[in-house]
Amino acid sequence: MAPAYKLIYFPVRGRAEHLRLMFVYAKVAYEDVKISKEEWEKLKPSTPWGQLPVLEIDGVMVEQSIPLARYLAKQFKLDGKDDLERLQADVFVAHLDDLKNQFGTLLREQDPDKKKEILKNLQKDVFPAFFEKLEKRVAKNGFSVSNSILWSDILLSALLEALMIKNILGDDFATKYPNLVRVKDTVFNTPDVKAYLAKRPHTEI
């Protein structure tokens, strides 16, 4: 019998959207619980680490979005066909997380001048070096690791969407990195994901 899944997070994409996309892509039922800040203050003491997202698996609360994604990838057979592919997917996701952390610095900065300087550095140095490497890898493999969609491709798609919504990748991103955009479009155009995205409320993060 399949586990009962309950994903708890705020009503934004944030650090939970790749998990939602994995459930939808794998056609696995789950309860998507979106809570307010007020509700979070009440729930927080009962969570394992005082942070979200939390995934309840048959009533057991587990935190940390990347380990949760790795767990779901194994459950949904999206982790690779052998140990080498699983390792390569892990490495790919680790690179994505490195970039997310740098992007997070931009989101957290409140000073407008410092924010502009961080964005300038991302666009001039960080993004080109990062995306050129990923583009070569995807061009060689078909997707992030092989010629089939794995959890690492879903996480890449979620990250690219977040950056595109913030409009900081530039108008020529698709021209420079066509294979990365192809991965995102392939994931997002699968029927279940496309239907999910069509009804998902818009949020800035």
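The values are calculated or read from the model by the stated rules, or taken from the named source; none is laboratory data. Owing to the predicted nature of the structure, the values given are computational and were not obtained by experimental measurement. Cβ atoms come from the backbone with ideal geometry, glycine included; neighbour counts cover every protein chain shown. Surface accessibility is based on the protein's heavy atoms, side chains included, excluding ligands, DNA and RNA. Shrake-Rupley method; radii C 1.70, N 1.55, O 1.52, S 1.80 Å.
Could you work out the local net charge near Lys120, counting Lys and Arg as +1, Asp and Glu as -1, over the other residues with Cβ closer than 15 Å to its Cβ?
Counting the neighbours of Lys120, the net charge comes to 0.
So what's the projected area for the range 83-189, the Cα convex hull averaged over all directions, in nm²?
About 6.6 nm², averaged over all directions.
So between Glu109 and Lys81, what do we pick up on full extension, going 0.36 nm a residue minus the alpha carbon distance?
Gain on extension, Glu109 to Lys81, equals 6.0 nm.
DSSP loop (so not H, G, I, E, B), at most 11 other Cβ within 10 Å: list which trypsin sites (Lys or Arg not before Pro) in the range 1-53 pass both filters.
Within the range 1-53, the qualifying trypsin sites (Lys or Arg not before Pro) (loop, at most 11 other Cβ atoms within 10 Å) are Lys27.
Where Lys and Arg each count +1 and Asp and Glu each count -1, what net charge lies around Val181 among other residues with Cβ under 13 Å from its Cβ?
So the surrounding residues net to -3.
Pick out, in residue order, every one of the trypsin sites (Lys or Arg not before Pro) in the range 54-130 that is DSSP loop and has at most 15 other C-beta atoms within 10 Å; say none if there are none.
Lys77, Lys81
Cα atoms only: what Rg and Dmax, in Å, come out for the range 43-132?
For the range 43-132, the Cα radius of gyration and maximum Cα-Cα distance read 17.2, 48 Å.
Around Lys74, with a cut-off of 14 angstrom between Cβ atoms, what is the net charge of the other residues, counting Lys and Arg +1 and Asp and Glu -1?
Around Lys74, the surrounding residues sum to -1.
Quick one: with all protein chains in place, what share of the accessible area of the chain is carbon or sulfur, to the nearest percent (1.4 Å probe)?
54 percent
With +1 on the Cβ of every Lys and Arg and -1 on the Cβ of every Asp and Glu, and nothing else charged, how large is the dipole of the chain about its Cα centre, in debye rounded to the nearest 20?
Computed charge dipole of the chain: roughly 280 debye.
How much accessible area per residue does the range 110-205 have, in Å², with a 1.4 Å probe?
For the range 110-205, the per-residue accessible area is 56 Å².
Report the Cα centroid-to-centroid distance between the range 1-78 and the range 156-199 in angstrom, as an integer.
22 Å
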